[in-house]
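Comments concern the structure below.
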Amino acid sequence: MTERFEDDVLDRKRVADAAPSDVLDKLDALVSALADVAASVGPDSATDALLERACIRTVETISEADMAGVTLLSESGVPRTAASTSKDVLDIDFDQYVCGEGPCLDAARTRTVVRATVVDSASRWPKFSANLRGAGVQSFLSAPLWVDDRHAGALNIYGRGAHGFSEVDALIVRVYTTSIEGLLRVSKEIEFAKNEIAGLNTAMKSRATIEQAKGILMAIRGLSSESAFQVLIRESQRTQLKLSVIADQIVRRAEASR
């Protein structure tokens with residue numbers, strides 16, 4: 001991660017040293033896009049929704065971009081499109097998945113930025129290139145995107161013009177994806193904390209119900225606390241139901257008989 005961070009610092013410097021006017025406009029758009037995506041991160045934010053927002057802002061940030069999407073690779077390497085700005089992206093991505101080659105797969109697998117034109121694609125990805133006729137896409141820009149420990153991925157940008165995207169575009173997108181990765185980590189941490197709290201609340205409610213059921217058994221049968229608990233365990237094993245379910249049934253029957 002340290003090497004990646006140092007590379008990103010250098011990338012930012014290279015971007016800042018490039019053509020001033022054009023780059024400053026793009027940096028302003030980048031800052032705005034990141035602020036917007038960051039604002040969508042919260043307790044109820046889902047990964048795919050965050051990626052969808054990132055794709056929309058990518059197209060708005062890179063003036064030559066006409067559409068964008070995110071490819072994710074499963075642990076076994078199976079790709080899927082997790083977010084996109086149009087159906088055309090799904091079609092282009094699907095062709096790459098079927099052929100087993102293309103800019104989005106190269107970026108996700110090699111963890112490098114891939115920039116190419118439709119002319120370049122003929123020699124780099126011949127099978128994929130053969131399926132491009134009529135798609136109307138002539139430029140590709142894909143950058144690696146880490147989502148979590150189980151999913152590598154790539155942010156894919158497609159353009160209808162034959163510009164091939166500039167080096168500045170590539171550097172801007174790399175800075176963008178690195179920042180998105182940080183937001184994804186925050187989103188995952190929020191989601192984990194939310195699930196932990198929900199689990200603790202459920203455990204506390206279950207514990208309270210079990211204690212209540214034990215008290216009922218102790219009062220009705222004259223059992224000790226340990227003996228009452230053993231009764232619950234045996235009934236759970238006999239019925240193949242969770243201990244909390246058995247306890248809830250006992251409490252409900254006791255309340256109904258009042």
The distance between the Cα centres of region 79-118 and region 149-186, in whole Å, is 12 Å
In region 87-139, the trypsin sites (Lys or Arg not before Pro) that sit in a DSSP loop and have at most 15 other Cβ atoms within 10 Å of their own Cβ are 111, 133
The size of the Cβ-based charge dipole (Lys, Arg +1; Asp, Glu -1) of region 42-144 about the Cα centre, to the nearest 20 debye, is 260 debye
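Normalise the Cα radius of gyration of region 57-146 by 2.2 N^0.38 Å (N = residues in it) and let me know the number. Display every interim value, and only then the final one.
Details: Rg = 12.2 Å, N = 90, 2.2 N^0.38 = 12.2 Å.
Relative to the 2.2 N^0.38 Å estimate, region 57-146 comes out at 1.00.
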From most to least accessible, 1.4 Å probe, no ligand or DNA/RNA atoms counted, 257, 121, 74 line up as 257, 74, 121
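The values are calculated or read from the model by the stated rules, or taken from the named source; none is laboratory data. Only a predicted model underlies this, so the values are computations on that prediction, with no experimental measurement involved. Heads up, the Cβs are rebuilt from the backbone with ideal geometry, glycines too, and the neighbour counts pull from every protein chain shown. SASA here: full protein model, heavy atoms, side chains in, ligands and nucleic acids out. Shrake-Rupley method; radii C 1.70, N 1.55, O 1.52, S 1.80 Å.
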